[in-house]
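Below you'll find the structure, written out as structure tokens, and then a few comments.
The values are calculated or read from the model by the stated rules, or taken from the named source; none is laboratory data. Here the structure is a predicted model, which means the values were calculated and not measured. With ideal geometry, Cβ positions are generated from the backbone for all residues, glycine too; neighbour counts draw on all protein chains shown. Surface accessibility is based on the protein's heavy atoms, side chains included, excluding ligands, DNA and RNA. Shrake-Rupley method; radii C 1.70, N 1.55, O 1.52, S 1.80 Å.
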Amino acid sequence: MPPSREVQWHRQRHSQRLEALQACRMIAAVAVVLFHANNFVLPMRLYEGETLWRGFGMGYAGVEFFFVLSGFIIAHIHAADIGRPERAGRFLQKRFLRIYPPYWIVLSALVLIYVALEGIVSPSRLAPAALLRDYLLIPAPQRPLLSVAWTLKHEILFYLLFVLFILRREIGFVVCALWLAGTLSQIPAASETPLFATLFSPYNILFGMGVAVARLHRHLPESLVWPLLTAGGAGFLLVGLSEQFLVAWPLPLRCLAYGLAAAAVIAALARAQTGAPGWCVFLGDASYAIYLIHLPVMNMVAVPLARTGLQDVLPPAVLFVFLVGLSILAGALFHRGVERGLLAALRPRRRATL
């Protein structure tokens, strides 16, 4: 029997909400690409300390937005799993497959490049113990070979905390209360121990904000959707631009400010009945691939490009647009040609029922 018109309407509305949030994933990923192109690749590889525009430096905050959105999506999609321990294994399996296989492919390619081109990194970074920590995303004193992978460690921590709610709601609340107390205790003087620095980082609070939005956004009056969206977007920009042009914010305060602004945007879009253009949804789907691959691609192109001397002829804006566009294209191709097929092949399949 085909679904009723009411059911179809609810499905369409739900899909549109997720489409709008997928477009946000695209914006956040592109912001991180702009940040790395402007603050690292241009000044370190091509133009000797010169950046294109200082404001692009706030692109790092795409990570903060990602964390809030991740908390929302996990809590929204898996709300029915809470308190049902038989679903914990499937949850962890899906999260493992979403994070690790694409990451392993990009990291392995990077390791092969570093082995082939000796001297780029210290031999100790390619030692078996160091590589094992990188492949498993275990907190370590040194930055990961794939530098953006530090954020994945926070994602994994959030998944492990969330699965406690699936196993038993009460345990989840107790552990999260203890974790929050530990996080607040670390704010005056952050721990230098890698495990504790990751476990009690202010970044982790952002996931909790996303979970809160997932629980509360349905109660938002529709009349407040667009004012909240405008206020959240403006607040996010004001925090970022003030950091770039006025004064740096302490990390805990910065996380709180970005988190509240991102939560406002996400709550408004989740409540609104708006879709998004197909290309935005596609790039949102490809955001993880873009995030993983963009910095290695830009570096691999910028190093030989610098030897040609083109940077002496072309203004920074031209090479900036070229590098950003190329890295987004590479991420989209990786998503379409590798990530989607890999996830389809590895995705757990439900048993057929009679």
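Listed here are the residues, each with its yes/no results for (1) open to solvent by less than 60 Å² (accessible area, probe 1.4 Å); (2) at pLDDT below 95; (3) of a type outside the set (Gly, Ala, Ser); (4) assigned to a helix (DSSP H, G or I).
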| position | (1), (2), (3), (4) |
| --- | --- |
| Gln8 | no, yes, yes, yes |
| Met26 | yes, no, yes, yes |
| Leu42 | yes, no, yes, yes |
| Ala61 | yes, no, no, yes |
| Ala88 | yes, no, no, yes |
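Residue count for the range 302-334, restricted to those that are over 23 Å from Ala28 (Cα atoms) and without any contact (Cβ under 8 Å) to a residue 60 or more places away in the chain: 9. Here Val111 does not qualify as out of contact with any Asp or Glu (no Cβ under 9 Å at 6 or more places or on another chain) and either at pLDDT below 95 or in a helix (DSSP H, G or I) (or both). Among the numbered conditions (1) without any contact (Cβ under 8 Å) to a residue 24 or more places away in the chain; (2) loosely packed, with under 13 Cβ neighbours inside 10 Å, the only one that Thr230 does not meet is (2).
Taken over the range 262-289, the criterion of being under 20 Å from Gly240 (Cβ atoms) and either open to solvent by less than 10 Å² (accessible area, probe 1.4 Å) or part of a loop (DSSP other than H, G, I, E, B) (or both) is satisfied by Ala262, Ile266, Ala268, Ser287. Of the listed requirements (1) surrounded by fewer than 19 Cβ atoms within 10 Å (Cβ to Cβ); (2) of a type in the set (A, V, I, L, M, F, W, C); (3) over 29 Å from Arg336 (Cα atoms), Cys255 misses just one: (1). Where helices (runs of 4 or more DSSP H) fall entirely within the range 146-212, those with at least 3 residues that are of a type outside the set (Phe, Trp, Tyr) and under 20 Å from Leu136 (Cβ atoms) are at 150-167, 194-199. Could you grab me the full set of residues in the range 239-251 that are open to solvent by 40 Å² or more (accessible area, probe 1.4 Å) and closer than 25 Å to Ala214 by Cβ? Residue satisfying the conditions is Leu251 alone. Summed over the range 105-147, residues that are small (Gly, Ala, Ser) and within 18 Å of Met300 (Cβ to Cβ) total 5.
Checked against (1) open to solvent by 30 Å² or more (accessible area, probe 1.4 Å); (2) more than 17 Å from His154 (Cβ to Cβ); (3) not hydroxyl-bearing (Ser, Thr, Tyr), His217 passes all but condition (1). Only one of the numbered conditions (1) in contact (Cβ under 8 Å) with a residue 12 or more places away in the chain; (2) out of contact with any Asp or Glu (no Cβ under 8 Å at 6 or more places or on another chain); (3) over 22 Å from Val33 (Cβ atoms) is violated by Val106, and that is (3). One residue stands out in the range 93-104 among those that are of a type in the set (A, V, I, L, M, F, W, C) and open to solvent by less than 70 Å² (accessible area, probe 1.4 Å): the one that is nearest to Pro296 (Cα to Cα), namely Ile99. Report whether or not Arg84 is open to solvent by 40 Å² or more (accessible area, probe 1.4 Å) and under 24 Å from the mean Cα position of the chain (by Cα). In short, no. Would you check if Arg307 is at pLDDT below 95, of a type in the set (Lys, Arg) and farther than 26 Å from Arg218 by Cα? Here the answer is yes, as Arg307 does meet what is asked.
Checking each residue in the range 44-59 for being at negative phi and in a loop (DSSP other than H, G, I, E, B) picks out Tyr47, Glu50, Thr51, Leu52, Trp53. Scanning the range 290-301 for residues that are in contact (Cβ under 8 Å) with a residue 60 or more places away in the chain and open to solvent by 10 Å² or more (accessible area, probe 1.4 Å), we see that the one that is nearest to Trp104 (Cα to Cα) is Ile293.
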